[in-house]
Amino acid sequence: MNELIAFFLTKTSDLGIFRVESEDFEPVKFEELIKGKTLFEKKHVVVCSRIFENIVAQSFVEKNIERISATPNIFLFFEEEIEGKLLDLFKEHCEKVQEFKLKKEAGNKNDYKPFAIGDAVAEKNKIRAWVLFQKALLSGVAAEEIFYKIVWQIKALLLIKKAPKETGLHPFVVQKNLNNIKNFTEQELIDYSFELLKIYHDVRRGLEEFQIGLEKFLLTI
């Protein structure tokens with residue numbers, strides 16, 4: 001995905017790149033991205049990262065995939081998991097579908113499991129979360145990638161805590177976290193969200209590094 005984005009950046013300005021995450025998906029705005037043009041670009045690139053973790057986004061794309069395929073704008077979808085029916089739709093309507101599988105060495109117990117750290121955070125198990133974080137770093141996973149996993153986990157817990165029947169999340173995600181929300185008060189989750197936001201801004205200002213900021217965060221949950 002990063003290689004594709006880098007390629008398109010050589011063809012268009014930064015103004016021509018739009019990013020959509022699962023937690024900020026809005027049908028009206030996505031509709032504008034399908035139809036719209038920017039002031040300076042003839043067409044734009046829309047990078048959709050893990051949006052099918054949001055059941056509203058998945059339903060919208062399923063219903064509009066022919067229109068998305070026909071638009072002159074370029075849509076890139078990155079998903080870690082995708083159900084067979086939806087994958088078949090992409091194969092039918094999209095220009096290219098690629099699947100990448102991690103190479104695993106026999107007996108290697110340090111293989112990175114992207115959702116394991118989020119699960120440990122949801123269980124409020126700071127020691128397990130920290131250990132998994134260190135193993136992921138040793139496996140070559142970028143701290144920033146882990147950061148966004150944890151941000152998503154906290155946001156999901158907060159949504160479920162506030163209104164478990166109206167989250168917009170996939171039912172599997174809701175069911176998986178129903179037992180975990182008892183580990184947190186709503187205010188705790190709000191405070192954690194602000195802490196993660198502060199880490200993000202401090203990194204962008206050069207005041208912090210994702211690895212250090214995230215390690216401190218995990219040890220305080």
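Computed from backbone phi with θ = phi - 60° and the Karplus coefficients 6.51, -1.76 and 1.60, the 3J(HN,Hα) list for region 62-74 is 4, 6, 10, 5, 5, 5, 5, 5, 7, 5, x, 6, 9 Hz; x is used for glycine and proline. The dipole here belongs to region 129-221: it is taken about the Cα centre, uses +1 on the Cβ of Lys and Arg and -1 on the Cβ of Asp and Glu, and is about 320 debye. Residues 185, 220, arranged from fewest to most other Cβ atoms within 10 angstrom of their Cβ, appear as 220, 185. Divide the volume of the convex hull around the Cα atoms of the chain by the residue count and you get 153 Å³ per residue.
Here are some pairs, 113/162; 149/176; 126/161; which of them have Cα atoms lying more than 18 Å apart in this structure? Those over the limit are 113/162; 126/161. The local environment of residue 74, defined by Cβ-Cβ distances under 10 Å, has a net charge of +1 under the rule Lys, Arg +1 and Asp, Glu -1.
Ordering 142, 214, 125 by Cα displacement along the dipole of region 116-218 toward the positive end leaves 125 in first place; charges were set at the Cβ atoms of Lys, Arg (+1) and Asp, Glu (-1).
Taking amide H as placed 1.01 Å from N in the peptide plane, residue 97 has no amide H partner under 5 Å among residues 5 or more places away or on another chain. For the chain, the dipole from Cβ point charges (+1 on Lys and Arg, -1 on Asp and Glu) about the Cα centre works out to 160 debye, to the nearest 20.
Put in order of Cβ neighbour count within 10 Å, fewest first, the listed residues 170, 93, 44 become 93, 170, 44. Across 63, 155, 182, mean-square fluctuation computed from a Gaussian network of the chain (C-alpha pairs under 10 Å connected) peaks at 63.
Per-residue 3J(HN,Hα) values for region 208-221, derived from phi via the Karplus relation 6.51 cos²θ - 1.76 cosθ + 1.60 with θ = phi - 60°, read 8, 10, 3, 4, 5, x, 6, 4, 4, 4, 4, 7, 10, 5 Hz in sequence order (x marks Gly and Pro).
A simple count of charges around residue 203, restricted to other residues whose Cβ falls under 11 Å of its Cβ and scoring Lys, Arg +1 and Asp, Glu -1, yields -1.
Only the coordinates and a few stated rules stand behind these numbers; no lab work does. Quick caveat: nothing in here was measured; it's all calculated off a predicted structure. Note: ideal-geometry Cβ built from the backbone for every residue, glycine included; neighbour counts use all protein chains shown.
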